[in-house]
Amino acid sequence: MAEAFNEKTLSADKAQRYAEAADEIASVLDGEPNLTARMATVASMLAASFDHYFWTGFYVVDPTRERELVVGPYQGTLGCLRIAFGRGVCGAAAATGQTQRVDDVHAFPGHIACDSRSASEIVVPVFDRGGALIAVFDVDSDRPAAFDAVDQQGIEAILKAVFA
Ligand code: SME
């Protein structure tokens, strides 16, 4: 009982923190059209808002290559530079257009281990106003199963507000 209560309280707190982060990000980005500035701000502000974020950033669709992502603004240790659509968790999000939530990255086929401390991960596709895929937003945690439906809803809402 106590555990269920605590979990509910924590989820409500986390949802509240996503809502606050969304407001702060919107206010910083007000009037700023540059895509790199928008991505850098989202990565920085979300990484600073949550303890369970270990690596936070964007892989951007490279218009000069066939179905390939290239690293964009991020916070964290060195990320790999390029990821083909369909490869690893980021590539799966790009290829399917669906959010990927992975409780144990070591069990995910083709997972790309940029930092061996990453244990779980969420990758959310980023669409522009016209519905075109422009990037994926990748958050890794050094804790297993760190991301739940509250993270997914919070991140998806922020990305929609900032980029669509
Ligand atoms: N883990 C990702 C690769 C990117 S990094 O972790 C920064 C993946 O498998 O898509």
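The values are calculated or read from the model by the stated rules, or taken from the named source; none is laboratory data. This is a predicted model, so every value here is computed, not measured. Every residue, glycine among them, receives a Cβ derived from its backbone with ideal geometry; neighbour counts consider all protein chains shown. These area figures cover heavy atoms from the full protein model, side chains too; ligands, DNA and RNA do not enter into them. Shrake-Rupley method; radii C 1.70, N 1.55, O 1.52, S 1.80 Å.
Summary table
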read-out	value
For peptides 141-148, 16-23, 115-122, sequence by mean Cβ density within 10 Å, most packed first	115-122, 141-148, 16-23
Within the accessible area of the chain (1.4 Å probe), percent carbon and sulfur	52
Isotropic mean projected area of the C-alpha convex hull, the range 86-164 (nm²)	4.8
Solvent-accessible area per residue for the range 2-163 (1.4 angstrom probe, square angstrom)	52
Gyration tensor verdict on the chain (Cα atoms; rounded if a/c is under 1.5, prolate if a/b is larger than b/c, oblate otherwise)	oblate
Vicinal HN-Hα couplings computed from phi for the range 51-59 (Karplus, 6.51 cos²θ - 1.76 cosθ + 1.60; Hz; Gly/Pro x)	5, 7, 7, 10, 10, 9, x, 10, 10
Rg followed by Dmax, in Å, when the range 1-88 is reduced to its Cα trace	16.5, 55
Two-site FRET efficiency, LEU78 against ALA157, from Cβ-Cβ distance with R₀ of 35 Å, rounded to 0.05	0.75
For ASP142, distant residues with modelled amide H under 5 Å away	PHE54, ALA119
In sequence order, calculated HN-Hα J values of the range 97-102 (Karplus, 6.51, -1.76, 1.60; Hz; x Gly/Pro)	x, 10, 4, 10, 10, 10
Assigned charges on the beta-carbon of Lys, Arg, Asp, Glu; the chain dipole about Cα centre (debye)	440
